[in-house]
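Trainee: Please find one structure pasted underneath; my questions will follow.
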There are 2 protein chains.
Amino acid sequence: MSRFLTEQKEEVERRLPGYVAHLDSPEILVKAMRYSLEAGGKRLRPILLLATLEGYGVSLEKGYDTACAIEMIHTYSLIHDDLPAMDNDDMRRGKPTNHREFGEAMAILAGDALLTHSFEVISKSPYLNDMEKAKLVMLLAQSAGPKGMVGGQVADMEAEARDDLDVTELEYIHHHKTGDLLAFSIEAGGILASAGEEERLSLRRFAKNLGLAFQIKDDILDVEGDAEKMGKPSGSDVTNGKSTYPKLLGMDGAKEKLNWHIREAKEYLLQIKRDHQLLHELTDYVASRTH
Amino acid sequence: MSRFLTEQKEEVERRLPGYVAHLDSPEILVKAMRYSLEAGGKRLRPILLLATLEGYGVSLEKGYDTACAIEMIHTYSLIHDDLPAMDNDDMRRGKPTNHREFGEAMAILAGDALLTHSFEVISKSPYLNDMEKAKLVMLLAQSAGPKGMVGGQVADMEAEARDDLDVTELEYIHHHKTGDLLAFSIEAGGILASAGEEERLSLRRFAKNLGLAFQIKDDILDVEGDAEKMGKPSGSDVTNGKSTYPKLLGMDGAKEKLNWHIREAKEYLLQIKRDHQLLHELTDYVASRTH
């Protein structure tokens, strides 16, 4: 598993610049887009898509365009989240955030450009037929838009003004803010493998639990993690007064909930009559990762 | 013509709320999206698409989803352009701008949501087949993204720091900042009418000239126009020290250039073996409009 993970992370990073480097656009815009797109990170979303494809025995070549499009959307969301009007973060992955490097206006536009360009990348992929393109675009727009990621971000902002959030509300936020795009990564693999509706539903439920597990682990790492490995100071959620799983459930309760979602995720995975060994291992990785 | 224009503006405005009002999203986000989407305006882009369809004798019903998607993209671009980090405008169409009403963070997210949602609207339109969806998504992403509208906006920002802009550079900015989305509106009509490659090229060239004419007229109106009709103070470009056609060419030169592009536009339109009477009349409207 870890070999697949490392190899595919490298492959995705090798390919990412090619999608933006030669754009016929103002140089500074391309520079700002690349700055954040090539800033590293786990590349978890592309890897989830590729691991799903691998489980179905579909050529990975078919998935790289969509995998990189997802990473563009993820990157745009980080750029906009970091803005002064939002989280006002100065550092991301050990580097100044996009607006600290290029100014606020350029950061807004670089985010807009990455978001828009991701749809071009999918819709002109030579490895996809028109039906696949139409399905992927619709599901991606749903997962990233007002019903999905952007909706989750708004709910998160609304929640920040309150300190009486309960676990159901916290779950709603994470389900949309991070869960929907993670779920898309996995369901997109199902679409590219021509999986049936029922199987795609199992994939979605698997992904939903994996996504929540991922977020709970993030919250746990924020308290217990190594600042250097995380690329940001530990305990920053507490300092910012954010509602987190450890805060609402205690550290033991948070860890219990993490394990419950990991078990649920694996059960849904078993409903699929395919050897999704890599997705099993990725699920374990989410539970045990140290950054 | 003016009847088609009035009727279709009303029809588009009747339909627009339906695309966002029932979204399963935080209420405040839907409110912020609707605030700007329903703030009026000429609805020129949807009307250009519908007028093109009408010229081809294609049912307008086939075009409304795409027409409204374009208006969402146009609206998102206005919301982001108005932000404090960009043009820092307080008023738009006689109302406070989105960020003045909902705050900066919500305005950024409402823009992101409208942009993303527009792709969902096209990709799930029941009137389009998968080939049409894939073509429209690709062309829209190209027209609105880093090679198109966003690229033009960046070039415009870069130009603001200089006062030695020439007409070619000014043209580049407008060609992308406003021209590409106008061109998409018209070419999309061609796609929905199954126009051939050559005919789509004529449509694009027509649109390119129409778009520049539109922008030159905007600059002229900023000097000569009626502030109340425009919904913004006249002379604001001069106050902001912006490079405009009247500034670079003088008022007579700007008017001459406007007429040249109107003539060019009409010549390309005549290359199409279709009675595009409405597009002819819309071209005259662009030249003679008073706001």
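Trainee: Take the alpha-carbon centre of the range B:78-144, take the same for the range B:51-66, and report the distance between them in whole Å.
Mentor: 22
Trainee: May I pose another question? When chain A is modelled as a GNM with alpha-carbon springs shorter than 10 Å, which of A:His280, A:His22, A:His74 fluctuates the most?
Mentor: For chain A, modelled as a Gaussian network with Cα springs under 10 Å, the answer is A:His22.
Trainee: Oh, and also: Please give the length that would be gained between B:His22 and B:Asp163 if that part of the chain were fully extended, namely 0.36 nm times their separation in residues minus their C-alpha to C-alpha distance (nm, one decimal). Don't skip to the end; give the middle numbers.
Mentor: Working: separation 141, 0.36 × 141 = 50.76 nm, distance 4.70 nm.
46.1 nm is the gain from fully extending B:His22 to B:Asp163.
Trainee: Continuing with this model, one more query. Any idea which of A:Ala287, B:Leu279, B:Leu83 is furthest toward the positive side of the dipole for the protein assembly as shown, if Lys and Arg beta-carbons carry +1 and Asp and Glu beta-carbons -1?
Mentor: The residue sitting farthest along the positive end of the dipole is B:Leu279.
Trainee: Simple spin-label model, 7 Å along Cα-to-Cβ: A:His291 to A:Glu267 in nm?
Mentor: Inter-label distance under the simple model: 3.5 nm.
Trainee: Tell me which chymotrypsin sites (Phe, Trp or Tyr not before Pro) from the range A:39-141 have a DSSP coil assignment and no more than 13 other beta carbons within 10 Å of their own. Could you put the intermediate results ahead of the total?
Mentor: Numbers: sites: A:Tyr56, A:Tyr64, A:Tyr76, A:Phe102, A:Phe119, A:Tyr127; in loops: A:Tyr127.
Sparse-neighbourhood loop chymotrypsin sites (Phe, Trp or Tyr not before Pro): A:Tyr127.
Trainee: Can you list, shortest first in nanometers, how far B:Lys31 lies from the same residue in the other copies, with each label 7 Å from Cα toward Cβ?
Mentor: Those label-point separations list as 4.2 nm.
Trainee: Averaged per residue, what accessible area in Å² does the range A:2-288 show with a 1.4 Å probe, protein chains only?
Mentor: On the way: 11430 Å² over 287 residues.
On a per-residue basis, the range A:2-288 sits at 40 Å².
Trainee: Something else about it: Rounded to the nearest 100 Å², what is the sum over both chains of accessible area buried where B meets A, with a probe of 1.4 Å? Mind showing how you got there, number by number?
Mentor: Details: alone 13590 and 13620 Å², together 23310 Å².
Separately minus together, B and A give about 3900 Å² buried.
Trainee: Also, I was wondering about something else. Springs between alpha-carbon pairs under 10 angstrom, Gaussian network model over chain A: which of A:Leu115, A:Leu50, A:Leu248 fluctuates most?
Mentor: A:Leu248
Trainee: Follow-up. Give the chain B residue with the shortest beta-carbon distance to the rotation axis relating chain B to chain A, plus that distance as a whole number of Å.
Mentor: B:Asp130, 2
Trainee: For B:Met91, enumerate residues with amide H under 5 Å from its amide H, sequence gap 5+ or separate chain, H modeled in the peptide plane.
Mentor: B:Thr97
Trainee: Place +1 on the Cβ of every Lys and Arg and -1 on the Cβ of every Asp and Glu in the range A:148-291, take the dipole about the Cα centre, and give the residue among A:Ala265, A:Ile220, A:Ala159 whose Cα lies farthest towards its positive end.
Mentor: A:Ala265
Trainee: If you don't mind, another one. I need to check one value: relative contact order of the range B:2-288, counting alpha carbon pairs closer than 8 Å and at least 6 residues apart, in percent. Write down the numbers at each step before the final one.
Mentor: Working: 376 pairs, mean separation 54.3, N = 287.
Once normalised by length, the contact order is 19 percent.
Trainee: What is the ratio of the Cα radius of gyration of the protein assembly as shown to 2.2 N^0.38 Å, with N the residue count, to two decimals?
Mentor: Details: Rg = 24.3 Å, N = 582, 2.2 N^0.38 = 24.7 Å.
Rounded to two decimals, the normalised Rg is 0.98.
Trainee: What are the label-to-label distances in nm, one decimal and shortest first, from B:Ser59 to the same spot in the other copies, with labels 7 Å along Cα to Cβ?
Mentor: Going from nearest to farthest copy, the values are 4.0 nm.
Trainee: Same structure, new question: Mean Kyte-Doolittle of at least 1.6 and a Cα length of 30 Å or more along the axis: which whole DSSP H helices of chain A meet both?
Mentor: Working: long enough: A:197-224 (40 Å, -0.45); A:245-270 (32 Å, -0.68).
For chain A, where a helix must reach 30 Å along its axis and average at least 1.6, there are no hits.
Trainee: Ok, one more. About the Cα centre of the protein assembly as shown, how large is the charge dipole given +1 on each Lys and Arg Cβ and -1 on each Asp and Glu Cβ? Please answer in debye to the nearest 20.
Mentor: Working: 72 positive and 98 negative charges, 229 e Å.
Taking the Cα centre of the protein assembly as shown as origin, the dipole is about 1100 debye.
Trainee: Let me ask something else about it. Taking the Cα atoms of the range B:2-288, what is the range of coordinates along each of the three principal axes, in descending order and whole Å?
Mentor: Rounded to whole Å, the extents work out to 49, 48, 34 Å.
Trainee: For the full complex of protein chains and a 1.4 angstrom probe, list A:Thr6, A:Thr178, B:Thr52 by accessible area with the highest value first. Provide the component values of the computation, followed by the final result.
Mentor: Details: A:Thr6 70, A:Thr178 25, B:Thr52 0 Å².
Final ranking, largest accessible area leading: A:Thr6, A:Thr178, B:Thr52.
Trainee: Continuing with this model, one more query. List, shortest first and in nm to one decimal, how far the label point of B:Gly94 (7 Å from Cα along Cα→Cβ) is from its counterparts in the other copies.
Mentor: 5.7
Trainee: Suppose every Lys and Arg Cβ carries +1 and every Asp and Glu Cβ carries -1, with no other charges. What dipole size does the range B:2-288 come out with about its Cα centre, to the nearest 20 debye? Don't skip to the end; give the middle numbers.
Mentor: Values: 35 positive and 49 negative charges, 135 e Å.
Rounded to the nearest 20 debye, it is 640 debye.
Trainee: To continue, here is another question. Among B:Glu132, B:Glu256, what's the order by accessible area (1.4 angstrom probe), most exposed first? Can you show the working numbers first?
Mentor: Details: B:Glu132 15, B:Glu256 135 Å².
Greatest to least solvent exposure: B:Glu256, B:Glu132.
Trainee: Which residues, if any, in the range A:94-128 lose at least 50 square angstrom of accessible heavy-atom surface (probe 1.4 Å) when the other protein chains sit next to their chain rather than the chain being alone?
Mentor: Listed by number, the residues meeting the 50 Å² cut-off are A:Ala105, A:Ile108, A:Leu109, A:Asp112, A:Thr116, A:Phe119, A:Glu120, A:Ser123.
Trainee: Here's another thing I want to ask about it. Give the carbon-plus-sulfur fraction of the accessible surface of the range A:2-288 in %, rounded to a whole number; probe 1.4 Å, heavy atoms of protein chains only. Let's see the in-between values first.
Mentor: On the way: 5270 of 11430 Å².
Whole-percent figure for carbon plus sulfur exposure: 46.
Trainee: GNM, chain A, Cα, under 10 Å: largest mean-square fluctuation among A:Ala254, A:Ala39, A:Ala193?
Mentor: With Cα springs under 10 Å in chain A, the top fluctuation among A:Ala254, A:Ala39, A:Ala193 is at A:Ala39.
The values are calculated or read from the model by the stated rules, or taken from the named source; none is laboratory data. It should be emphasised that the depicted structure is a prediction, and the values quoted were computed from it without experimental measurement. Using ideal geometry, Cβ is built from the backbone for each residue, glycine included, and neighbour counts are taken over all protein chains shown. Surface areas here come from the heavy atoms of the whole protein model, side chains and all, with no ligands, DNA or RNA. Shrake-Rupley method; radii C 1.70, N 1.55, O 1.52, S 1.80 Å.
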